[in-house]
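The values are calculated or read from the model by the stated rules, or taken from the named source; none is laboratory data. These figures come from a predicted structure and were not determined experimentally. With ideal geometry, Cβ positions are generated from the backbone for all residues, glycine too; neighbour counts draw on all protein chains shown. Calculation scope for accessible area: heavy atoms of the full protein, side chains included, ligands and nucleic acids excluded. Shrake-Rupley method; radii C 1.70, N 1.55, O 1.52, S 1.80 Å.
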Amino acid sequence: MTGAGIALLAGTVSTLLFASSTLPMVMKAARTKDLSSYSLANLVLANIGNAVHCIYVVHLPVGPIWALHGFYVVTTGLMLLWCLRYRPARRSPGALRTERRLA
């Protein structure tokens, strides 16, 4: 096997491993709609990073890095959308005091 063949094999295996490690997190978030443990700032920065990284990836030959990057773009985008959609509404301190009095 040539050096390029070994590199392609390593890229394919690592892509499968990285995607496999992320899938349980995404599946749980999709199933439970509970993203309270995720940082909104982290998800926003990850999506910005993916957008910037696209400039680099599109200039590479098609290969495993395209699959891995595409997977990360989709999953971090979904996680950000779900985080914004399913996060609980913030309550004002006055609303909390009112709830305590009613309870």
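Annotations
- Potential lengthening of the chain between Leu8 and Leu84 amounts to 23.7 nm, from the contour at 0.36 nm per residue minus the alpha-carbon distance.
- Residue-averaged [θ]222 nm for the chain, counting only DSSP H segments that reach four residues, each worth -39500 (n - 2.57): -27000 deg cm²/dmol
- On the beta carbon distance between Tyr38 and Trp66, with R0 = 30 Å, the FRET formula returns roughly 0.70.
- Excluding ligands, DNA and RNA, the accessible surface per residue across the chain is 74 Å² with a 1.4 Å probe.
- Structure-derived mean projected area of the Cα convex hull in nm² - corresponding label in (1) 8.7; (2) 11.8; (3) 7.5: (1)
- The angle between the Cα long axis of helix 93-102 and the main principal axis of the chain comes to about 50°, on a 0 to 90 degree scale.
- Relative to the dominant Cα principal axis of the chain, helix 64-86 is inclined by about 10°.
- The Cβ shell under 15 Å around Met25 holds other residues with a net charge of +2, Lys and Arg each +1, Asp and Glu each -1.
- Carbon plus sulfur fraction of accessible area for the chain, probe 1.4 Å, in percent: 70 percent
- Cα long-axis angle, helix 40-57 against the chain (0 to 90 degrees, to the nearest 10): 20 degrees
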